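Can you read through this structure? Questions will come right after.
The values are calculated or read from the model by the stated rules, or taken from the named source; none is laboratory data. These figures come from a predicted structure and were not determined experimentally. Don't worry about glycine lacking a Cβ; one is built from the backbone with ideal geometry, like all the others, and counts go over all protein chains shown. Note: accessible area is taken over every heavy atom of the protein model, side chains too, but ligands, DNA and RNA are not part of it. Shrake-Rupley method; radii C 1.70, N 1.55, O 1.52, S 1.80 Å.
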Amino acid sequence: MPSPAPSAVPPGAAPLSDDLQAALARALAGHGVFTPDVPNGAATALLPILHHLQDEIGFVPPVVVPHIARALNLSRAEVHGVVTYYHHFRDAPAGRRVVQLCQAEACRACGGEALMAHASKALGCEPGATRADGGVTLEAAYCLGLCAIGPSAMVDGEPVARVTTTAIDAIARSLETR
């Protein structure tokens, strides 16, 4: 029996754009899953595939979930559960600039919760959202590995230690000038 065409769409799933289909194919092939249409049960590749997509296109579009599930012989719920469990994965594009503030225990003990509220006002968007102009996304991070010098942040992937409200204001100003 011949295998389905490489562009086959899982039942009930939306077709992917050519760019998204190519990105998914690269992610699957890069982690030992050679076609999205012939499941091989390589469920251990799920996290690397999700990371690959996040790194390549900046988020994991919900439309790819059924395609990944089919390729890995998993349920859509299993893939969706992993995507939504880990705060690292986005389901929509981020803003041009991304500010992450640690909200893990050590940073919260040093005022991380109040810093998040201040950052929300300074940056003009709620945590977990992107500002209306698409300029900045504010995200909660859960441990940036800088516990001893917290509260900490990441600004466009660069760590910032000992964050204060003054530092947040400076970050907000610098994001507007870049």
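Return yes or no: is Ala153 buried (at least 18 other Cβ atoms within 10 Å of the Cβ) and modelled with pLDDT of 95 or more?
The answer is yes for Ala153.
Another one. Could you go through the stretch 53-62 and let me know if any residue there is among the β-branched types (Val, Ile, Thr) and open to solvent by 10 Å² or more (accessible area, probe 1.4 Å).
Checked against the condition, which is being among the β-branched types (Val, Ile, Thr) and open to solvent by 10 Å² or more (accessible area, probe 1.4 Å), the stretch 53-62 yields at least one hit.
Evaluate the stretch 149-158: report whether one residue or more is in a helix (DSSP H, G or I), farther than 30 Å from His31 by Cα and of a type outside the set (Asp, Glu). Step through it out loud before you land on a result.
Residues of the stretch 149-158 in a helix (DSSP H, G or I): 149.
This time we only want the ones that are farther than 30 Å from His31 by Cα, so: 149.
From what is left, the residues that are of a type outside the set (Asp, Glu) are 149.
Taking every residue of the stretch 149-158 in turn, at least one turns out to be in a helix (DSSP H, G or I), farther than 30 Å from His31 by Cα and of a type outside the set (Asp, Glu).
Now for a separate question. Since Arg90 meets every condition but one in (1) farther than 30 Å from Val160 by Cβ; (2) outside any helix (DSSP H, G or I), which condition does it not meet?
(1)
Select from the stretch 149-178 the residues that are touching a residue at least 40 places away in the same chain (Cβ under 8 Å) and among the small types (Gly, Ala, Ser) and list them in ascending order.
Passing the criteria: Gly150, Ser152, Ala153, Gly157, Ala172.
Do we have Ala14 as over 13 Å from Ala71 (Cα atoms), modelled with pLDDT of 55 or more and buried (at least 16 other Cβ atoms within 10 Å of the Cβ) here?
Details: over 13 Å from Ala71 (Cα atoms): yes; modelled with pLDDT of 55 or more: yes; buried (at least 16 other Cβ atoms within 10 Å of the Cβ): no.
The answer is no for Ala14.
Another one. Within the stretch 161-178, can you find the residues that are closer than 19 Å to Lys121 by Cα and not in a helix (DSSP H, G or I)? Give the derivation first.
Pass one, the stretch 161-178, residues closer than 19 Å to Lys121 by Cα: 163-177.
Within the stretch 161-178, Val163, Thr164 meet the criteria.
How about the stretch 70-87: which of its residues are out of contact with any helix residue (DSSP H, G or I) (no Cβ under 8 Å at 6 or more places or on another chain) and part of a helix (DSSP H, G or I)?
Arg70, Ala77, Gly81, Thr84, Tyr85
I'm checking my understanding of the structure. Among residues of the stretch 103-126 that are part of a loop (DSSP other than H, G, I, E, B) and open to solvent by less than 60 Å² (accessible area, probe 1.4 Å), which one is farthest from Ser174 (Cα to Cα)?
Result: Ala104.
Pull up the stretch 130-140, narrow it to residues that are surrounded by fewer than 22 Cβ atoms within 10 Å (Cβ to Cβ) and touching a helix residue (DSSP H, G or I) at 6+ places or on another chain (Cβ under 9 Å), then point me to the one that is nearest to Glu176 (Cα to Cα).
Only one residue fits best here, namely Gly135.
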